[in-house]
Amino acid sequence: MEVLKKEACANCMSEQKSEVEGISRRSAVKRGGQWLTALVFAATVYPLLRFINFKLPKMPVRIRVDKDLKLGGFHIDKDFVLFLGEQGPWAVSRKCTHLGCSVSFNESLQKLVCPCHQSSFSIQGTRLAGPAKKNLKTYTVEKAPGDQKGYIVLV
Amino acid sequence: MNLTKKIISFHWGARSFVCLYLSVISGIVVSLQYDPSAPYYSASSLDILVPFGAFWRSLHFYSSQLFFLFLLSHVIIVVFESNFSSLNPRRWVLLVFSSMVSLLLLFTGYILRADATGSAAGAIAENIILSIPVFGESINSLLFSMADSGMGRVYANHMVGLLVLWIFLSWEHIRRYTVNWKNHPILVISIIVFCAIINAPLEPDVIGVFHISGPWFFMGLQEILRYVQPFWAGIFWPSLLVIALILLHPQYKQKRNAVCFSIIWTVIYLGFSVAAFLR
């Protein structure tokens, strides 16, 4: 009886041992599967980031302003303000260097003012006051070729 | 029933959901005539040229605003009553993030108008995201990237990306509560009648404007940005509120501090909002 009990116990223990080994194998396979899934996921993140971060180079845009300015005059476009001084024409970007809002030209004060946080710039684009820290970008301006009126601004 | 009990039992969550139904339906209708390659032209044409365009745009605008306002009220009531019985901390965190996504949905709707407010708001948001070190460019590429890609990504996020994300974050919550719009006839009819009479706002980008006010929920931020750098004003400061909201769950020991902080944060933000409004 005792021998039978011992045998039963030994069988029981070997079954338990197999079961434990089985569970260990299963959990190892499961963990391996989880690592593989994580690896595959990580492998797709890099191409995704490269894809969405890619910026197509912008084509330089030549914007035509079809009128001649008087000395001291100005023309306001969507992306720039064009001025004509004694040194010739120049254009200043309307994109505020603080947070990107479009600046407006205050003719009476001869300043460019941002409507979002009231940063102000000179007509040459130099930062004067407000939370913006950098000057406005300037663009090259060419006189229209030949006898044509106006200017070409390279944006 | 006293006033406090009436306010608490107003079913803010259900009403928020009904407004979301209206917003989604009207948004789909509006999208049929909206062209992201000519955003302001599309938005203004809806009001002026497209038959009943003004009505559909108005319905979309006001139902979206009400969705968010009712949602805010719902959150405040839940916190006030400490009614977290069916919300474990994990679900609560997901819901806090879903509220942030709701705000983003509302905000991208403003940007898509591409009027004076929308354009300025979009430019500011893009620059705030770009101020995040290391990951700023990637997050901007995912969410906005208006300077390089126009309205394309904002439109994709508004129509699909953010909505899917919102559903994913709030699914465990919303699937437990069935909301039937037929149970709220006065609300639905009131919104429809209101929108048939009142147009949604649209501010033309007039040259010579020296002051622009942002969306009402970001006026405080607009004011803070005068004095504080974009990262601290636009990322760090709002993150503090998100963390405090997460810690409002009763299972966290910092609940009382989180409540105090949230109230102080809100009062400060309202103060800045009032200052911005008075400019």
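Below is a table of values for the structure above.
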item: Selection status of B:L248, more than 20 Å from the chain's Cα centre (by Cα) and in contact (Cβ under 8 Å) with a residue 12 or more places away in the chain; result: yes
item: Segment B:134-192, residues that are in contact (Cβ under 8 Å) with a residue 40 or more places away in the chain, more than 23 Å from B:R57 (Cβ to Cβ) and not in a helix (DSSP H, G or I); result: B:R176, B:Y177, B:V179
item: Qualifying residues in segment A:99-108 (those that are facing chain B (nearest Cβ under 8 Å) and surrounded by 20 or more Cβ atoms within 10 Å (Cβ to Cβ)) - the one nearest to A:A132 (Cα to Cα); result: A:L99
item: Residues (of a type in the set (V, I, T), surrounded by 21 or more Cβ atoms within 10 Å (Cβ to Cβ) and more than 12 Å from every other protein chain (Cβ to nearest Cβ)) located in segment B:108-144; result: B:T108, B:I111
item: Selection count, segment A:34-62, where residues are within 30 Å of A:K78 (Cβ to Cβ) and among the hydroxyl-bearing types (S, T, Y); result: 0
item: So B:P185, is it away from every other protein chain (no Cβ under 14 Å) and either under 11 Å from B:T117 (Cβ atoms) or polar (S, T, N, Q) (or both); result: no
item: Pairs, first in contact (Cβ under 8 Å) with a residue 40 or more places away in the chain and facing chain B (nearest Cβ under 10 Å) in segment A:50-64, second in a loop (DSSP other than H, G, I, E, B) and surrounded by 10 or more Cβ atoms within 10 Å (Cβ to Cβ), C-beta under 6 Å, six or more apart; result: none
item: Some residue of segment B:70-84 being at pLDDT 90 or above, within 18 Å of B:F194 (Cβ to Cβ), buried (at least 16 other Cβ atoms within 10 Å of the Cβ) and not aliphatic (A, V, I, L, M); result: yes
item: Boolean, B:A147 is in contact with a Pro (Cβ under 7 Å, 6 or more places away or on another chain), within 12 Å of chain A (Cβ to nearest Cβ), closer than 20 Å to B:A38 by Cα and aliphatic (A, V, I, L, M); result: no
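The values are calculated or read from the model by the stated rules, or taken from the named source; none is laboratory data. Keep in mind that what you see is a predicted model, and the values were worked out from it rather than measured. We place every Cβ from the backbone using ideal geometry, glycine too, and count neighbours over all the protein chains shown.
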